Amino acid sequence: MAQKLVIIGNGMAPGRMLEELFDRAPGLYEVTIFNAEPRVNYDRIMLSPVLSGEKTYEDIIIHGDDWYEARGVTLHRGAKVSKIDREAKTVTAENGITASYDRLVIATGSSPFIIPVPGHDLPGVLAYRDLDDVDRMLKIAEGQGHAVVIGGGLWALKRPMG
Ligand SMILES: Cc1cc2nc3c(=O)[nH]c(=O)nc-3n(C[C@H](O)[C@H](O)[C@H](O)COP(=O)(O)OP(=O)(O)OC[C@H]3O[C@@H](n4cnc5c(N)ncnc54)[C@H](O)[C@@H]3O)c2cc1C
């Protein structure tokens, strides 16, 4: 009988890991994924072209619904895991969904750091990490006005890729 593999997070790392796993050991695991984001796996690196309007979310999807279905993967979207019980070998999401595991992968990526200056929590102060951030930036841009970018790293300065 297949072992139960539970993955917390559905970003770039577990997406690639699963491709490799299904290639090397098809049928070894029954896979369940919990994703805090309400969507499938997409190419985060291509968010800048989505922001610039050169691409859409659909263009940057890596694994669509059919990919999960064909491999028997259960994907819980919008399900943020808030509890891991290592003795019972279960994980539970904020929405109450629980799954038991034989093996657990925690692939929750990183959280963007916003400098703790006064006003850092005002509406309109955003990080740039996922599709929701892109949607928020586009919404705010509809109102025009000035935008200030704090941080001069690659994503702040980069011209969107084609
Ligand atoms: C705009 C942009 C451009 C980038 N361009 C490049 C590039 O050109 N080259 C490069 O090498 N890297 C680039 N990066 C960085 C790259 O995207 C990350 O290094 C990579 O996505 C990390 O993959 P990951 O799977 O570890 O985490 P992520 O892709 O961040 O995925 C983590 C996932 O876990 C979910 N999650 C978090 N907590 C929980 C929880 N408690 N329960 C359930 N789910 C949870 C999150 O919602 C998220 O979907 C870019 C990043 C951004 C934002």
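The values are calculated or read from the model by the stated rules, or taken from the named source; none is laboratory data. Since the model is a prediction, treat every value here as computed from it, not as a measurement. With ideal geometry, Cβ positions are generated from the backbone for all residues, glycine too; neighbour counts draw on all protein chains shown.
Among the residues here, D102 does not qualify as among the acidic types (D, E) and either exposed (fewer than 12 other Cβ atoms within 10 Å of the Cβ) or more than 18 Å from E30 (Cα to Cα) (or both).
Residues that are more than 19 Å from R16 (Cβ to Cβ) and either within 14 Å of the ligand (Cβ to nearest atom) or part of a strand (DSSP E or B) (or both) within segment 46-66 comprise S48, P49, V50, L51, S52, E54, K55, Y57, listed in sequence order. Within segment 18-44, residues that are under 14 Å from L75 (Cα atoms) reach partners that are part of a helix (DSSP H, G or I) with beta carbons closer than 6 Å, at six or more positions or on different chains, in the pairs N41/G15; Y42/I60.
Of the candidates D23, D43, the single residue that is of a type in the set (D, E, K, R), more than 7 Å from the ligand (Cβ to nearest atom) and in contact with a helix residue (DSSP H, G or I) (Cβ under 7 Å, 6 or more places away or on another chain) is D43. Of all residues in segment 105-154, those satisfying the criterion of being among the charged types (D, E, K, R) and either under 18 Å from the mean Cα position of the chain (by Cα) or within 20 Å of Y42 (Cβ to Cβ) (or both) are R129, D130, D132, D133, D135, R136, K139. Within segment 99-141, if we keep just the residues that are hydroxyl-bearing (S, T, Y) and away from the ligand (no atom under 13 Å from the Cβ), the residue that is farthest from A2 (Cα to Cα) turns out to be S100. In summary, I150 fulfils each of the numbered conditions (1) hydrophobic (A, V, I, L, M, F, W, C); (2) more than 24 Å from F22 (Cα to Cα); (3) at pLDDT 95 or above with the single exception of condition (3). Regarding segment 67-75, can at least one residue be identified that is of a type in the set (G, A, S) and within 12 Å of the ligand (Cβ to nearest atom)? The answer is no; no qualifying residue exists.
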